[in-house]
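Structure first, then comments.
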Amino acid sequence: MNQPGVGVAVTGTGSMVPATSLSNEGISSLVETSDDWIATRTGIRARCLAKPEETLASLATQACRKALDMAKLEPTEVDLILLATSTPDDLFGTAGLVQAELGATQAVAFDLTAACSGFVFGLVTAAQFIRTGTYQNILLIGADVLSRWVDWGDRRTCVLFGDGAGAVVLQANDRDQLLGFELRTDGTQNKYLNLAYHPEPKELLPEVTIGQNTFHPITMNGQEVYRFAVRRVPEIIEKALYRANLTVDQVDWLLLHQANQRIMDAVGDRLGIPAEKIISNLAKYGNTSAASIPLALDEEVRRGSIQPGHTIVASGFGAGLSWGAAVFNWAR
Ligand code: ACO
């Protein structure tokens, strides 16, 4: 697509993580594990955890401010705020709280839930509003506070996750920088990874019983998720590259959901992408779910390794099960 004003460009990035970091040594005093086990199996060395008063909205808002600064855009110029998250402050939606904190008075705001695929699904969703000419300036956020929903007595899951937020500004542009994408869901495999509501029957009247309770902590079949990721992610990246009319060797950066270093290495191997092109910040942050891709993107942009015109292929995968890939150029 190269019609004037209906292309999509990523023009700003920002991120925020909580100040508190929990190392593998620290987690070893909570559950029977070790730095060696966690680092060897996952590549994770530490994760940042939100304090009770650190809300998802506050982390997201701080990430947005940085992204807006980079794009040289005022909050009042934003048309849409799209918040990809599975851990809202409010089940009715948290994007509105971000809108209020930012003072983005002209923006419509809503949440999108697609777990660790949320940022990629959000990127494609936001792009549609720009390509149809509906909106010009969009804030897309990936943010999660999974520490709220982890069973801190379950060593199979608690070592993996961390909290954080990443944001990008998407703007209408003459040249479309979103070059291709592909998205998938397989709900029949939901059982392998979920954070599900577990209703308890509550009788209101003899003939009226409803369900009330809360969500249960994350449960995961690690081996099934691992198998799913190393098979499906290379496949979907190849499809997205095909749609972009690009080959693997034209990719400057492979930006995968930061779930496990072994998954990233295996995907790189299958695609023939060398390790130096694979972005990884997993050691510091663990798996921050929807935040992981924009957080890693922001770090590399600010470090200067991602240069204008570079081609990035991003792929998110996780609960749903869901997975997706998007190919884009860094515009600035
Ligand atoms: N410390 C020490 N031992 C552990 C730990 C731990 N933290 N966790 C599990 N173990 C033990 C198990 O109890 C088991 O012991 P047993 O054989 O005596 O029962 C043994 O280690 C092997 O367990 P597995 O589950 O088979 O370990 P595996 O090698 O598969 O590694 C892991 C587990 C790291 C979770 C891996 O399966 C994985 O990375 N899977 C993908 C998970 C993922 O990416 N999830 C996120 C994607 S979706 C999203 O982001 C929401």
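The values are calculated or read from the model by the stated rules, or taken from the named source; none is laboratory data. Quick caveat: nothing in here was measured; it's all calculated off a predicted structure. Here the Cβ positions follow ideal geometry from the backbone for every residue, glycine too, while neighbour counts run over all protein chains shown. Areas reflect the complete protein model, heavy atoms only, side chains present, ligands, DNA and RNA absent. Shrake-Rupley method; radii C 1.70, N 1.55, O 1.52, S 1.80 Å.
Based on alpha-carbon centroids, what's the gap between region 127-201 and region 270-298 in Å, whole number please? Taking the Cα centre of each part, region 127-201 and region 270-298 sit 15 Å apart.
Membrane-span-like helices in the chain, defined here as complete DSSP H runs extending at least 20 Å along the helix axis by their C-alpha atoms with mean Kyte-Doolittle hydropathy no lower than -1.0, are 56-71, 222-243; this is a sequence and geometry rule, not a statement about a membrane.
For the chain, averaging the sequence separation of C-alpha pairs within contact (under 8 Å, six or more residues apart) and dividing by the residue count gives a relative contact order of 26 percent.
Based on the convex hull around the alpha carbon atoms, the chain presents an average projected area of 17.8 nm². Would you mind telling me the share, in percent, of accessible area of region 33-172 contributed by carbon and sulfur at probe 1.4 angstrom? In region 33-172, the share of accessible area belonging to carbon and sulfur is 52 percent. Per-residue packing, averaged as other Cβ atoms within 10 Å, sorts the ranges 251-263, 172-184 into the order 251-263, 172-184, beginning with the highest. Estimated purely from DSSP H runs of n ≥ 4, each contributing -39500 (n - 2.57), the mean residue ellipticity at 222 nm for the chain is -9000 deg cm²/dmol once divided by its residues. Can you give me the Kirkwood hydrodynamic radius for region 71-160, using every pair of distinct Cα atoms, in Å to one decimal? Computed over region 71-160, the radius equals 14.1 Å.
Running a GNM on the chain with Cα contacts under 10 Å, which residue among Asn137, Asn245, Asn213 ends up with the highest mean-square fluctuation? Evaluated over the chain, the most mobile residue of the options is Asn213.
The local environment of Trp330, defined by Cβ-Cβ distances under 10 Å, has a net charge of -1 under the rule Lys, Arg +1 and Asp, Glu -1.
Across all Cα atoms of region 7-176, the radius of gyration (one decimal) and Dmax (whole number) stand at 17.3, 55 Å.
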